[in-house]
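First up is the structure itself, then whatever we jot down about it.
The values are calculated or read from the model by the stated rules, or taken from the named source; none is laboratory data. Small disclaimer: the values here were computed from a predicted structure and weren't measured. Positions of Cβ are generated from backbone atoms using ideal geometry, with glycine treated the same way; all protein chains shown enter the neighbour counts.
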Amino acid sequence: MKRIYFLHGFMGTGQTHFEQQIAYFKKEYDIIVMDLPGHGTSEDAAAVEYIEQATVSLINRIRETGPGHLVGLSLGASLAIQVALKAPELVGGIILTGYTPVVPEELTDVMAQQYTYFLDIKQHEPLIAAQFEDLHGTRWQETMQRVLHQMTFRYPTMTKQSLQHLQAPVFILNGMVQEHEVTGASRFQREYPNTQIHLIPDAGHTANLDQPDLFNHHLNRVLQQSNE
């Protein structure tokens, strides 16, 4: 299965979050880069029930183009799992980065503070706000609020029960800097044994951006293994 779908993270686009992976793999694979609802070139505005909306949107697009491997960063990682659960025939394998199956209790207050900070980001970080508008247009604030609200207060937690119908092999390529993502990878593997973990040194939440060469090396090995 020589097709890769790249699913970007919060307030990114497929191109901005996976530029170096696209360049590395485009000669050997059919690369599909999709902007999620409310992001980039997507024509759809972000819905309040964002995870449900984005999952349906992805499944519809993949049905049109054909099965492949899903590479998801953060938000995109959560969506990759949702797609694989709801349409297993479309997914050859899932590669996750910047992912944890559950938000640790000690981070809930931090995430709530982050949510409040982002709602007023035009004052806190005007340059970042301007970048968001360049990428996503005038709808960027609505997208940010709706996606962040769901990921902060209604995170799509994965447990052994919720993963019982998952069929695809899972590969987690998290960075080693974020402790909760290291422990989250191990937790996911315990709940779903058909999981392999490759931790990327000197990389944080966005391992594919922090250490692109090493990430691409591991991703290439994973894809080769999956295609054997």
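Give the number of residues within region 153-175 that are surrounded by 16 or more Cβ atoms within 10 Å (Cβ to Cβ) and either closer than 10 Å to T100 by Cβ or in contact with a strand residue (DSSP E or B) (Cβ under 8 Å, 6 or more places away or on another chain) (or both).
10
Of the conditions (1) under 12 Å from the mean Cα position of the chain (by Cα); (2) at pLDDT below 95, D109 fails just one. Which one is it?
Going through (1) under 12 Å from the mean Cα position of the chain (by Cα); (2) at pLDDT below 95 one by one, D109 breaks only (1).
Identify the single condition in (1) in contact with a strand residue (DSSP E or B) (Cβ under 8 Å, 6 or more places away or on another chain); (2) under 19 Å from R154 (Cβ atoms) that G14 does not satisfy, given that it satisfies every other one.
(2)
Could you please find all residues in region 26-51 being touching a Pro at 6+ places or on another chain (Cβ under 8 Å) and either part of a helix (DSSP H, G or I) or of a type in the set (D, E) (or both)?
Of the residues in region 26-51, the ones touching a Pro at 6+ places or on another chain (Cβ under 8 Å) are 44-47, 50-51.
Scanning region 26-51 gives D44, Y50, I51.
So which helices (runs of 4 or more DSSP H) are wholly in region 58-163 and hold at least 3 residues that are β-branched (V, I, T)?
Working: elements: 75-86, 108-119, 121-124, 126-136, 140-153.
Qualifying helices (runs of 4 or more DSSP H): 108-119, 140-153.
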